[in-house]
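Asker: One structure, as structure tokens, below. Some questions next.
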Amino acid sequence: MSDQPDQQLDIRSETCPMTFVRTRLKLDRMAKGELLEVLYAGEEPARNLPKTATEQGHAVILHEEGRLIIRKG
């Protein structure tokens, strides 16, 4: 499997809880195993997005400031 994202979501202008709502809606429309690159801003999404994605059965492949790559589980 490639580590190149299949899709991208830019939520830098969003605030919680919309950051994960938009991320979850995007993941729901993707196939299992696909990669989603999420561009975010702020400390709250940095904490909450990886935690919630993992709790929902997805894998966090990369987490760096302002950028997250999630493999849909």
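The values are calculated or read from the model by the stated rules, or taken from the named source; none is laboratory data. Everything numeric here is computed off the predicted structure, so don't read it as measured data. With ideal geometry, Cβ positions are generated from the backbone for all residues, glycine too; neighbour counts draw on all protein chains shown. We work out accessible area using only protein heavy atoms, side chains counted, and drop any ligands, DNA or RNA first. Shrake-Rupley method; radii C 1.70, N 1.55, O 1.52, S 1.80 Å.
Asker: Only one of (1) over 10 Å from the mean Cα position of the chain (by Cα); (2) open to solvent by less than 40 Å² (accessible area, probe 1.4 Å); (3) at pLDDT below 95 is not met by Gly33, so which one is it?
Answerer: (3)
Asker: Residues that are touching a residue at least 24 places away in the same chain (Cβ under 8 Å): find the strands (runs of 3 or more DSSP E) completely inside the chain holding 3 or more of those.
Answerer: The qualifying strands (runs of 3 or more DSSP E) are 7-10, 35-39, 67-71.
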